[in-house]
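Enquirer: This is the structure, below, for whatever I ask next.
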């Protein structure tokens with residue numbers, strides 16, 4: 001666990017400055033910090049490590065940061081009026097995850113972050129899929145293998161025909177609330193194979 005401060009410097013994997021912590025993102029239902037906003041982008045706390053209690057270091061560089069989801073209003077919103085910021089913080093220091101699911105236990109002020117946080121978000125049918133800021137489709141099915149692990153996502157592309165493609169899970173970079181962010185361009189998503197219903 002580590003105390004987190006708005007305004008704290010964040011370094012990249014190359015030890016160059018990425019920016020500062022602009023806001024902390026919480027899952028209001030789970031009362032857990034899930035992401036940091038750095039340079040207007042969302043970085044999952046699992047991607048950040050503490051160095052000697054003095055620096056936060058992310059596992060990505062400047063280019064990697066630019067590929068992270070933007071802190072857009074459809075993903076993160078001001079926390080609801082029922083949510084109270086812990087002592088020493090203002091409500092403006094925080095954003096809430098839109099459509100977040102119930103997660104784990106509460107945090108204790110000042111805000112501590114478990115840097116090994118396991119995912120509290122979930123991919124489900126209807127989850128929007130984004131490539132950067134572009135909405136490239138919606139999950140129509142989550143396909144699993146015999147062990148219950150995700151084998152692929154069936155993504156319905158936008159448009160009248162609603163073509164469905166099969167997306168391997170190793171292209172999923174981040175799940176925020178129920179929004180899925182992939183490391184493929186829109187053209188690469190369009191080039192994925194069509195999903196064939198099993199007979």
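The values are calculated or read from the model by the stated rules, or taken from the named source; none is laboratory data. Since we're looking at a predicted model, the values are computed, not measured. Ideal geometry is used to build each Cβ from the backbone, glycine not excepted, and the neighbour counts take in all protein chains shown.
Enquirer: Picking from 184, 153, 161, which residue would you name as being modelled with pLDDT of 85 or more, within 16 Å of residue 138 (Cβ to Cβ) and assigned to a loop (DSSP other than H, G, I, E, B)?
Expert: After ruling out the rest, the residue left standing is 184.
Enquirer: Residues of the stretch 23-40 being assigned to a strand (DSSP E or B) and modelled with pLDDT of 90 or more, which ones?
Expert: 37, 38, listed by residue number.
Enquirer: Scanning for something assigned to a helix (DSSP H, G or I) and modelled with pLDDT of 85 or more, does the stretch 50-62 turn up at least one residue?
Expert: Let us first name the residues in the stretch 50-62 that are assigned to a helix (DSSP H, G or I), namely 62.
Narrowing the set further to residues that are modelled with pLDDT of 85 or more leaves 62.
Yes, there is a match, as at least one residue in the stretch 50-62 is assigned to a helix (DSSP H, G or I) and modelled with pLDDT of 85 or more.
Enquirer: Ok, one more. Of all residues in the stretch 1-12, count the ones that are at pLDDT 85 or above and either more than 19 Å from the chain's Cα centre (by Cα) or not in a loop (DSSP other than H, G, I, E, B) (or both).
Expert: Of the residues in that region, 5 qualify.
Enquirer: Inspect all residues belonging to the stretch 101-119 and state whether any of them is within 16 Å of the chain's Cα centre (by Cα) and at pLDDT 50 or above.
Expert: There is no residue in the stretch 101-119 that is within 16 Å of the chain's Cα centre (by Cα) and at pLDDT 50 or above.
Enquirer: Inside the stretch 189-199, can you point out the residues that are in contact (Cβ under 8 Å) with a residue 12 or more places away in the chain and either surrounded by fewer than 17 Cβ atoms within 10 Å (Cβ to Cβ) or on the phi > 0 side of the Ramachandran plot (or both)?
Expert: Selection gives 190, 193, 194.
Enquirer: Filter the stretch 23-50 down to residues that are farther than 23 Å from residue 178 by Cβ and touching a residue at least 40 places away in the same chain (Cβ under 8 Å), then give me how many there are.
Expert: Of all residues in the stretch 23-50, those farther than 23 Å from residue 178 by Cβ come to 39, 49-50.
From the residues that got through so far, the ones that are touching a residue at least 40 places away in the same chain (Cβ under 8 Å) too are 49-50.
Total meeting the criteria: 2.
Enquirer: Looking at (1) part of a loop (DSSP other than H, G, I, E, B); (2) under 23 Å from residue 131 (Cα atoms); (3) at pLDDT 90 or above, which is the one condition that is false for residue 68?
Expert: So the condition that residue 68 fails would be (3).
Enquirer: Hey, could you check the stretch 61-78 for residues that are free of Cβ contacts under 8 Å to residues at least 40 places away in the same chain and farther than 20 Å from residue 91 by Cα and say which is surrounded by the fewest Cβ atoms within 10 Å (Cβ to Cβ)?
Expert: 63
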